[in-house]
Amino acid sequence: MPDIRAGDFLMSVFILILALLVIGLAGFVLCRARAVASVQGNVRQLHSLPGYHGWHGFIMGVLPGLAVLVLWVIAQPMVIERNLSNYFPTAQFEDAAQRTLLMADVRRVAAGLDTAVARGAMNAEESVTLSTDTGSVRDRLASVGVALGAEVTPQVLEAAQAYRAQAATGALWRTVLTLAVAGVAFLWALRLTQGEFRARNRVETVILGLLMLASTIAILTTIGIVLSMLSETIRFASMYPIADFFFGLTWSPNFQGNSELGLLPLLWGTLYISLVAMIVAVPIGLFTAIYLAEYASARVRSVVKPLIEIIAGIPTVVFGLFALVTVGPLIRDWLAVPSGLGSSGSSVMTAGLVIGILNIPFISSLADDIINAVPQSLRDGSYGMGATRSETVRQVILPAALPGIVGAVLLAASRAIGETMIVTMGAGAAARLDLNPFEAMTTITVKIVSQLTGDTEFNSPETLVAFALGMTLFVITLGLNVFALYIVRKYREQYE
Amino acid sequence: MNDMRIVERAVETRNIKISARGVQVHYGDKHALRDVDVDILDNTVTAFIGPSGCGKSTFLRCLNRMNDTVAVAKVSGTILLDGEDIYDRRVDPVQLRAKVGMVFQKPNPFPKSIYDNVAYGPRIHGLTRNKAELDEVVEASLRKAALWNEVKDRLQEGGTGLSGGQQQRLCIARAIATSPEVLLMDEPCSALDPIATAQVEELIDELRASFSVVIVTHSMQQAARVSQRTAFFHLGNLVEYGETGAIFTKPSDPRTESYITGRIG
């Protein structure tokens, strides 16, 4: 039996991919040469350019082999896991949580044996025959630096040994099959290559497939995220009355039980902070965009626009620091305390202001593009009527750009609603239903983080509520985005 | 083409509305227009013809200072409107453009209702005192632009929903709503089909009664049909300027003849 260690798994896959690339490269060179030779060097008689024949050879050398490899890598652990089931009592293996733990143990012991063999503390023979009767496996493995949490049970050791054997066999077959498929496809491509062969169309099809795959990944990921949140949210709903969650006025999670998990204080904090942020960001961002698009000379624009966009490059946690050490105390000392409205350093005002600043470049940049997209002929028409610049902006350009601007504002709003770091540091953590903007409040995002950080298990309503909160947040922002798209589509002017 | 009719009209004498002397335009390093001297008469349609890039549109845009909106453009020389230098520092281009209206190559109605499009000029210049007066101006302008009957029942609908020819007549109505003294038209029919073109040309002839009209056109037939006087531009120079019938029948410059007969252009 060949001894391929599990630790080498990635390495061997990597080498296999390298081998596929080499086959592909050979395919490129040979198919190209064969295509040219098939018409005695008169390239004009080829259906496709020689390069396309070359790429066809490359694709045939790489893709089928790669597909086999990927499928194998996905399937092998599942097959092995199923094969190992007879090492353990059925009841233990039926339970998903226990099975996961067991398999983790098995893999860890198997990896330990691999390491031991690699370090020379054990020979290959011994690693296969080792048994719990001849002494503590845990101690043996500890001596070569593999720490195990508990003593190895006989079942786990046997399963680990079986695991190693099957993994090694699997790796061998994986290599053989991948290379065989790649070789066959390579030879087939070579046979197909002649003057009339439509290599170009085939290459185009593969490119189309590649592009479609890329777009599918993004969509599938979104669906996956929603589904995973949905399943946890349903679990939450089975543990906690969902009406209390949506309409509860108190948020006081208590890990001993009797929690009150009302959404409304968090929702109120989120919307209030976002409102303040938009009141700051929309006028400033819009005015910036109008200045840049309509008034600024090309030289000013080329300096100012990148400078504003620098703000977008600052990590939000730095903005959070700014809110915590600068804006918060300033607002407290100069506005809140003198007006007698509060004495808290973190407040709705602080977080809203800083999120607003964060969103200025977002709005100004989008609105600038939208204003620039308004046709010059409309400006000419307005100036030709004797309108001033601001009349033109107010009466012609903004109405024409309005759908796009509304879209930009709604996108910025969903960013403000989803913002986490700045509210964590600037708004505080107290869930409160209050109108006073100088009071500390908190948002959905902050509470998602605080419910999930620390040593938690996903089996109590106090932790699962985070998924319900996340789902709520997702629905709100999704609704905003859909609404934004609807507005943009409905009121878009068609220009040629 | 009815050359007899044109000759007949030209007999009447008219006042000089715009007088341009030694007008030069530079776009950055490019010398777009050299030493143009033109007198544009009142109640006359003046056509500017010439091959693409000859400077005819550039000159048109000098007449209402639209070149001010182009950062790299530099205009020198004098242009007098009713004896007043429009490039004088005391002249506000905004007020000038209320007196010298403009219609562009492509119909460019604003994204507003038909009514608001026409009311745009009167509103920004404060020409009317109340809604009733504004209604009157809008109706009169639309009637003059021969559009009233087609749109009177849908004044509140968007101007961009009209057909190309209707849009261009809407733009003309918009331009004449401020009662300008001169109407500049930059290839107003180039984006229109023949029927719409005929409508707009008929309209131009009627507008002559109230304004001085200057039209830039690529179509020599159009120039012959609608204008009383024609200026021929070539490579930034004003080659020949005179009575339309004379330019088309016995041009004095060989370049004009070549262009009219289709040998340059």
Within region A:120-161, which residues are surrounded by 16 or more Cβ atoms within 10 Å (Cβ to Cβ) and under 36 Å from the mean Cα position of the chain (by Cα)?
A:VAL146, A:LEU148, A:VAL156, A:ALA159, A:ALA160
What do you reckon, is A:VAL304 of a type in the set (A, V, I, L, M), at pLDDT 90 or above, in contact with a Gly (Cβ under 6 Å, 6 or more places away or on another chain) and assigned to a helix (DSSP H, G or I)?
no
Selection status of A:ALA429, out of contact with any Pro (no Cβ under 9 Å at 6 or more places or on another chain), aliphatic (A, V, I, L, M) and without any contact (Cβ under 8 Å) to a residue 40 or more places away in the chain:
yes
Can you find even one residue in region A:314-325 that is farther than 24 Å from A:THR445 by Cβ, under 36 Å from the mean Cα position of the chain (by Cα), in a helix (DSSP H, G or I) and not acidic (Asp, Glu)?
no
Condition check for B:ALA173: within 18 Å of the chain's Cα centre (by Cα), farther than 30 Å from B:ASP85 by Cβ and either among the aromatic types (Phe, Trp, Tyr) or buried (at least 22 other Cβ atoms within 10 Å of the Cβ) (or both)
yes
Return the residues of region A:267-310 that are within 14 Å of another protein chain (Cβ to nearest Cβ) and either surrounded by fewer than 16 Cβ atoms within 10 Å (Cβ to Cβ) or aromatic (Phe, Trp, Tyr) (or both); say none if nothing qualifies.
A:TYR295, A:SER297, A:ALA298, A:ARG299, A:VAL300, A:ARG301, A:SER302
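Could we say that A:ALA189 is outside the structural domain of A:PRO64 (by TED's automatic domain parsing), over 30 Å from A:TRP268 (Cα atoms) and modelled with pLDDT under 95 here?
Against the criterion (outside the structural domain of A:PRO64 (by TED's automatic domain parsing), over 30 Å from A:TRP268 (Cα atoms) and modelled with pLDDT under 95), A:ALA189 does not qualify.
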Out of region B:248-265, which residues are assigned to a loop (DSSP other than H, G, I, E, B) and at negative phi?
B:LYS250, B:PRO251, B:SER252, B:ASP253, B:THR261, B:ARG263, B:ILE264
Name every residue in region B:199-248 that is closer than 19 Å to B:LYS17 by Cα, in contact with a helix residue (DSSP H, G or I) (Cβ under 9 Å, 6 or more places away or on another chain) and among the small types (Gly, Ala, Ser), in order of residue number.
B:SER210, B:SER227, B:ALA231
Looking at region B:220-247, which of its residues are in a helix (DSSP H, G or I), surrounded by fewer than 20 Cβ atoms within 10 Å (Cβ to Cβ) and either touching a residue at least 12 places away in the same chain (Cβ under 8 Å) or under 20 Å from the mean Cα position of the chain (by Cα) (or both)?
B:GLN221
Take the residues in region A:174-183 that are in contact with a helix residue (DSSP H, G or I) (Cβ under 8 Å, 6 or more places away or on another chain) and surrounded by fewer than 19 Cβ atoms within 10 Å (Cβ to Cβ); name whichever of them is farthest from A:LEU101 (Cα to Cα).
A:GLY183
Does any residue of region A:251-266 turn out to be in the same structural domain as A:ILE370 (by TED's automatic domain parsing), of a type in the set (S, T, N, Q), surrounded by 15 or more Cβ atoms within 10 Å (Cβ to Cβ) and in contact with a Pro (Cβ under 8 Å, 6 or more places away or on another chain)?
yes
Filter result for A:MET60 (exposed (fewer than 12 other Cβ atoms within 10 Å of the Cβ) and assigned to a helix (DSSP H, G or I))
no
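For every residue, the table says whether it meets (1) β-branched (Val, Ile, Thr); (2) assigned to a helix (DSSP H, G or I); (3) within 14 Å of chain B (Cβ to nearest Cβ); (4) touching an Asp or Glu at 6+ places or on another chain (Cβ under 7 Å).
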{"site": "A:ASN372", "(1), (2), (3), (4)": "no, yes, no, no"}
{"site": "A:LEU378", "(1), (2), (3), (4)": "no, yes, yes, no"}
{"site": "A:TYR383", "(1), (2), (3), (4)": "no, yes, yes, no"}
{"site": "A:ALA387", "(1), (2), (3), (4)": "no, no, yes, no"}
{"site": "A:THR392", "(1), (2), (3), (4)": "yes, yes, yes, no"}
{"site": "A:VAL396", "(1), (2), (3), (4)": "yes, yes, yes, no"}
{"site": "A:PRO403", "(1), (2), (3), (4)": "no, yes, yes, no"}
{"site": "A:ALA412", "(1), (2), (3), (4)": "no, yes, no, no"}
{"site": "A:ALA416", "(1), (2), (3), (4)": "no, yes, no, no"}
Within 14 Å of another protein chain (Cβ to nearest Cβ) and assigned to a helix (DSSP H, G or I): is that true of A:ILE331 in this structure?
no
Just to be sure, is A:ALA110 assigned to a helix (DSSP H, G or I) and out of contact with any Lys or Arg (no Cβ under 6 Å at 6 or more places or on another chain)?
no
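The values are calculated or read from the model by the stated rules, or taken from the named source; none is laboratory data. Owing to the predicted nature of the structure, the values given are computational and were not obtained by experimental measurement. Cβ coordinates were reconstructed from backbone atoms using ideal geometry, including for glycine residues, and neighbour counts include every protein chain displayed.
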